[in-house]
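Here is the structure we will look at, set down as structure tokens.
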């Protein structure tokens, strides 16, 4: 994740502010001392505006695989593909139409 943050020119505080999470949570996730929830992991992907293939890889690395039989995860997966590279607020609006909150 450090490499991705560097690539996007972001710090823990930038990402934390972008996704409404404590920068300490981001730091612990990056260092591997905590496993994020699927929602937080997805927010990290959207917050860093990652391409879909990189988002999917990051979710695997964070041990937050989307479950294909979970309807919420299906919508999140679709959003990773069709809403890239839109801002997080647009992604949230899109997902809320289907009852998914991240």
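Every read-out reported here was derived from the displayed coordinates using simple, explicitly stated rules and does not represent laboratory data. Note that the coordinates shown come from a computational prediction; the quantities given were computed from them, not determined experimentally. Positions of Cβ are generated from backbone atoms using ideal geometry, with glycine treated the same way; all protein chains shown enter the neighbour counts.
Would you calculate, for the chain, the mean residue ellipticity at 222 nm contributed by helices, counting each DSSP H stretch of 4 or more residues as -39,500 (n - 2.57) and dividing by all residues, to the nearest 500?
Calculated from helices alone, the mean residue ellipticity at 222 nm is -18000 deg cm²/dmol.
Which part of the stretch 5-26 falls in the paramagnetic zone of residue 101, meaning amide N under 16 Å from the point 7 Å along Cα-to-beta-carbon?
20-21
Among [x] 40; [y] 22; [z] 49, find the value of percent of Cα pairs over 22 Å apart that was calculated from the structure presented, and write down its label.
Here the calculated entry is [y].
Calculate the length of the line joining the C-alpha centroid of the stretch 47-76 to that of the stretch 27-41, in whole Å.
14
Angle, helix 71-82 long axis vs. longest principal axis of the chain, Cα atoms, 0 to 90°, nearest 10?
Helix 71-82 sits at roughly 70 degrees to that axis.
Any idea how far apart residue 67 and residue 11 come out in nm if each label point goes 7 Å out from Cα toward Cβ?
Distance between the two pseudo-spin positions: 3.8 nm.
Taking neighbour counts of Cβ atoms within 10 Å as a proxy for exposure, in what order, fewest first, do 38, 53 appear?
53, 38
Take peptides 59-68, 39-48 and line them up by average Cβ neighbours within 10 Å, highest first, as a rough protection proxy.
Packing proxy ranking, top to bottom: 39-48, 59-68.
Explain nothing, just the number: relative contact order of the stretch 2-96, from Cα pairs under 8 Å at least 6 residues apart, as a whole percent.
Numbers: 87 pairs, mean separation 22.2, N = 95.
The value is 23 percent.
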